[in-house]
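What follows is a short report on a single structure.
The values are calculated or read from the model by the stated rules, or taken from the named source; none is laboratory data. All values derive from a computational prediction rather than experimental measurement. Positions of Cβ are generated from backbone atoms using ideal geometry, with glycine treated the same way; all protein chains shown enter the neighbour counts. With ligands, DNA and RNA removed, areas are computed over all heavy atoms of the protein, side chains included. Shrake-Rupley method; radii C 1.70, N 1.55, O 1.52, S 1.80 Å.
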Amino acid sequence: MLEDLTIKDFALIDSDYLEFKKGFTVLSGETGAGKSILIGALSFLLGGKAETSQIRSGKSEASVSATFYIKDQPVRTGISLDDEAENACEWLVQHGIEIENNRVLLRRFIRDSGKSAAWIDNTPVTRSDLAQFSAFLLDIHGQHEHQSLMKVSEHRKYLDARAGILDQVEKFKSLYAQLVAKRKQLSEYNMSDSERLRKLDMMTFAVKEISEAKLKANEDSLLEDEQNRLMSYEKIYSDLESINQAMSDSDSSIIPLMKKVKRDSSHISELDKTLSPLDERLESAFYELSDIADEFQSYKDKLVFDPNHLQEIEDRLSLIYSLKKKYASSVNAPLSEVMDYFNEAQNFIEENGEGNNKKEKLEAEIKALEKEVLSLADTLSAKRKETAEILNTEVDQILSNLGMSGTKFKVSLSQKPGSDVEQTCGPYGKDNIEFLISANPGNPPLPLAKIASGGELSRVMLALKTIFAQTDSVDTLIFDEIDTGIGGQVAVAVGAHLKELAKNRQIFCITHLASIAVYADNQIKIEKSVSGEITSSNVFMIEGEDRVKEIARMLSGDADTEQSLQHARTLLSKYSNV
């Protein structure tokens, strides 16, 4: 649920802070007041495009933030980034984000330099991450953003949720994954005997060759370092000689000079105690330099050039490079790639060696799995077909009440291609599923994305959301352009549907129709003001007599006549809970 929203220097909005409540909230205002700006700010916050044109004129940065309340949701054990999150809580766990009191803060800004950034709580996230996470929190309908029902991949999920078969689909998904894995294993056995034996010989040779090399972790890097030291022997020895001469080989070297300076310092510090700290520092430096000189001398004394050892290292590196050339991606690849190949070769030998009857066992397991998978696929398909017919009727009835009596909704179900011998399935069964709409009598049903009118699209979404309210995990829905081309009893029906949907969801609706607005539990007004040459949009909650006046304005364009005000009071008293 959206609890609050802060907008700063976004489009015509200077600075606005709003707190929101549960239930049904309408947003109203004069044409051009900036109602779409509020939706634009939310879209920006939820991962929409960030453009410098969104920054208020004369400002250098626009920012939007919002607090969402997230109810407790189940999180699967051991979920990783490779898994597809099923809800907001799972997504947060995947990304290592902890929240307190079930609340999460989303923030995003855009600067006039074009730079933008976003955070979930105190964790910086990408625009893609923001869009992915916010899809669990809020849907905006009427624009072509944040519309989960516009994604064909989501239609199967909605139908399965309506059919009550989500658990069965998960079971099918697991069985199908097992079948795919076992078929892949079997393909290794289905190669020709000559090819299998050739590969077996190759793998056996590789295991023997790598095993005999007795490789050690990072051995190549350690040998290369040693090789470089031996090949640079003369340069190292020469530099050590130079260091030794400079530090201690003569009376003019550093250590003898430091010793003389130390004696003088010790003497004068006895005469003037204020110099004792300097004497102590000098003593420390003297002993440190003496120790360094001894270390360099010790290293020089042990330095020996052994051409035989250098040859041994070069021979060993040559063997390692040869193994990398055969069994790694390149001679510069890490040595671990050779060991990975060794492990793969050993596994192949174990599964393809003499006396191995795994092929027959796999064939039997695959046959049993195929039977179980197809049986469950048939069960899922039958339930989907049954639910599709029910859903078609339910949506058509609601659309008729919403002023779209000629519109026909259809769940398209088609089987994936197969044959009499083998039915092709996917991870979720054997059905291709898509929601279609025929907007006018006699027209063929088309994908939802083909609906041109924003108002029609919003009403279709409203019908579906009404039906899916019990299974859809998105708590906050925003409907824009839902009242385009409607009025009278249709608008009253739209308001009633929104009111019903708000029993289980937080609903926002941008409207210019009083017959929809009077159903709302809360009302927000967007008002444009001009000060000098500066135009601003102000957003604020209205209650009591202020709301009565706004409803009166929406009814007749006149908020001052007693007749309009009385009509507004009557409607609010009849349809609103406030």
Selection from the stretch 251-305 of residues surrounded by 12 or more Cβ atoms within 10 Å (Cβ to Cβ) and polar (S, T, N, Q) yields Ser253, Ser265, Ser266, Ser269, Ser276, Ser290, Gln297
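How many residues does the stretch 102-130 contain that are of a type outside the set (S, T, N, Q) and open to solvent by 50 Å² or more (accessible area, probe 1.4 Å)?
Within the stretch 102-130, the subset of a type outside the set (S, T, N, Q) is 103-112, 114-115, 117-121, 124-125, 127, 129-130.
Those still in the list that are open to solvent by 50 Å² or more (accessible area, probe 1.4 Å) too: 103, 105, 107, 111-112, 115, 119, 124, 127.
Qualifying residue count, the stretch 102-130: 9.
Just the residues that are among the polar types (S, T, N, Q) and either more than 37 Å from the chain's Cα centre (by Cα) or open to solvent by less than 30 Å² (accessible area, probe 1.4 Å) (or both), please, taken from the stretch 314-344.
First pass over the stretch 314-344, keeping only residues among the polar types (S, T, N, Q): 318, 322, 329-330, 332, 336, 343.
The answer is Ser318, Ser322.
Would you check if Ile99 is free of Cβ contacts under 8 Å to residues at least 60 places away in the same chain and open to solvent by 10 Å² or more (accessible area, probe 1.4 Å)?
Numbers: free of Cβ contacts under 8 Å to residues at least 60 places away in the same chain: yes; open to solvent by 10 Å² or more (accessible area, probe 1.4 Å): yes.
Yes.
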Starting from the stretch 424-445, take each residue that is over 17 Å from Leu166 (Cβ atoms) and among the β-branched types (Val, Ile, Thr) and list its partners that are in a loop (DSSP other than H, G, I, E, B) and open to solvent by 60 Å² or more (accessible area, probe 1.4 Å), counting only C-beta distances under 9 angstrom and pairs at least six apart or across chains. Thr424/Pro417
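Condition (residue is open to solvent by less than 80 Å² (accessible area, probe 1.4 Å) and either at pLDDT below 90 or touching a Ser or Thr at 6+ places or on another chain (Cβ under 7 Å) (or both)) applied to the stretch 198-214: is it met by at least one residue?
To start, the set of residues in the stretch 198-214 that are open to solvent by less than 80 Å² (accessible area, probe 1.4 Å) comprises 199-200, 203-204, 206-207, 209-211, 213.
Those still in the list that are either at pLDDT below 90 or touching a Ser or Thr at 6+ places or on another chain (Cβ under 7 Å) (or both) too: 199-200.
So far as the stretch 198-214 goes, yes, one or more of its residues are open to solvent by less than 80 Å² (accessible area, probe 1.4 Å) and either at pLDDT below 90 or touching a Ser or Thr at 6+ places or on another chain (Cβ under 7 Å) (or both).
Among the listed residues Glu533, Glu543, Glu562, Glu527, which satisfies the condition of being within 41 Å of the chain's Cα centre (by Cα) and either open to solvent by less than 80 Å² (accessible area, probe 1.4 Å) or at pLDDT below 90 (or both)?
Details: Glu533 fails: within 41 Å of the chain's Cα centre (by Cα); Glu543 fails: either open to solvent by less than 80 Å² (accessible area, probe 1.4 Å) or at pLDDT below 90 (or both); Glu562 fails: within 41 Å of the chain's Cα centre (by Cα).
Matching residue, one of Glu533, Glu543, Glu562, Glu527: Glu527.
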Of everything in the stretch 325-343, what is in contact (Cβ under 8 Å) with a residue 24 or more places away in the chain and either of a type in the set (Phe, Trp, Tyr) or assigned to a helix (DSSP H, G or I) (or both)? Give them in sequence order. Lys326, Tyr327, Ser336, Val338, Met339, Tyr341, Phe342
Would you confirm whether any residue within the stretch 232-242 is under 23 Å from Asp291 (Cβ atoms), surrounded by 16 or more Cβ atoms within 10 Å (Cβ to Cβ) and among the polar types (S, T, N, Q)? no
Please note which strands (runs of 3 or more DSSP E) are completely contained in the stretch 52-148 and include at least 3 residues that are under 28 Å from Phe435 (Cβ atoms), under 19 Å from the mean Cα position of the chain (by Cα) and at pLDDT 85 or above. none
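Is there a residue being within 18 Å of Glu188 (Cβ to Cβ) and among the small types (Gly, Ala, Ser) anywhere in the stretch 357-370?
yes
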I want to confirm something. Restricting to the stretch 154-192 and keeping residues that are modelled with pLDDT under 85 and surrounded by 14 or more Cβ atoms within 10 Å (Cβ to Cβ), which single residue is nearest to the chain's Cα centre (by Cα)? Glu154
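Here are Asp239, Asp272: which of them is out of contact with any helix residue (DSSP H, G or I) (no Cβ under 9 Å at 6 or more places or on another chain) and over 20 Å from Gln297 (Cβ atoms)? Write out each step before concluding.
Details: Asp239 fails: over 20 Å from Gln297 (Cβ atoms).
Being out of contact with any helix residue (DSSP H, G or I) (no Cβ under 9 Å at 6 or more places or on another chain) and over 20 Å from Gln297 (Cβ atoms) holds for just one of Asp239, Asp272, which is Asp272.
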Among the residues of the stretch 23-53 satisfying the criterion of being in contact (Cβ under 8 Å) with a residue 40 or more places away in the chain and open to solvent by 30 Å² or more (accessible area, probe 1.4 Å), which is farthest from Ile507 (Cα to Cα)? Thr52
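Can you work out which of the residues in the stretch 399-416 that are open to solvent by less than 20 Å² (accessible area, probe 1.4 Å) and out of contact with any Asp or Glu (no Cβ under 7 Å at 6 or more places or on another chain) is modelled with the highest pLDDT?
At the first step, the residues of the stretch 399-416 found to be open to solvent by less than 20 Å² (accessible area, probe 1.4 Å) are 399, 402, 404, 407, 409, 411.
Subset that is out of contact with any Asp or Glu (no Cβ under 7 Å at 6 or more places or on another chain): 399, 402, 407, 411.
Numbers: Leu399: 88, Leu402: 83, Thr407: 87, Val411: 94.
The selected residue is Val411.
Would it be correct to say that Phe10 is within 22 Å of Thr511 (Cα to Cα), hydrophobic (A, V, I, L, M, F, W, C) and surrounded by fewer than 21 Cβ atoms within 10 Å (Cβ to Cβ)? Walk me through how you get there before you give the answer.
Working: within 22 Å of Thr511 (Cα to Cα): yes; hydrophobic (A, V, I, L, M, F, W, C): yes; surrounded by fewer than 21 Cβ atoms within 10 Å (Cβ to Cβ): no.
Here the answer is no, as Phe10 does not meet what is asked.
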If a residue counts only when it is charged (D, E, K, R), touching a residue at least 40 places away in the same chain (Cβ under 8 Å) and farther than 30 Å from Gln397 by Cβ, which strands (runs of 3 or more DSSP E) contained entirely in the stretch 479-570 have at least 2 such residues? 522-531
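Can you give me the number of residues within the stretch 417-429 that are open to solvent by 50 Å² or more (accessible area, probe 1.4 Å) and either of a type in the set (Phe, Trp, Tyr) or at pLDDT 85 or above (or both)? Steps first, answer last, please.
Filtering the stretch 417-429 down to residues open to solvent by 50 Å² or more (accessible area, probe 1.4 Å) leaves 417-422, 424, 427-428.
Add one more test, that the residue is either of a type in the set (Phe, Trp, Tyr) or at pLDDT 85 or above (or both), and what stays is 427-428.
Total meeting the criteria: 2.
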Any residue in the stretch 303-324 that's closer than 25 Å to Lys235 by Cβ: show its pairings with residues that are open to solvent by less than 60 Å² (accessible area, probe 1.4 Å) and of a type in the set (Phe, Trp, Tyr) at Cβ separation under 7 Å, as long as the two are six or more apart or on different chains. Phe305/Tyr233
What pairs come up if the first residue lies in the stretch 380-391 and is open to solvent by less than 80 Å² (accessible area, probe 1.4 Å), the second is small (Gly, Ala, Ser) and in a helix (DSSP H, G or I), and their beta carbons are under 8 Å apart, counting only those six or more places apart or on different chains? Lys383/Ala163; Arg384/Ala163; Thr387/Ala163
Would you check if there is a residue in the stretch 32-39 being more than 12 Å from Glu527 (Cβ to Cβ) and among the charged types (D, E, K, R)? no
Pairs needed: first member in the stretch 349-366, over 18 Å from Glu195 (Cα atoms); second member anywhere, open to solvent by less than 60 Å² (accessible area, probe 1.4 Å) and at pLDDT 80 or above; C-beta distance under 8 Å; at least 6 residues apart or different chains. Leu362/Lys182; Leu362/Leu186; Glu363/Leu186; Glu365/Lys182; Ile366/Leu179; Ile366/Lys182; Ile366/Leu186
Report whether or not Gly78 is closer than 19 Å to Ile7 by Cβ and exposed (fewer than 11 other Cβ atoms within 10 Å of the Cβ). no
Test set (1) in contact with a strand residue (DSSP E or B) (Cβ under 8 Å, 6 or more places away or on another chain); (2) open to solvent by 10 Å² or more (accessible area, probe 1.4 Å) - Phe133 fails condition number: (2)
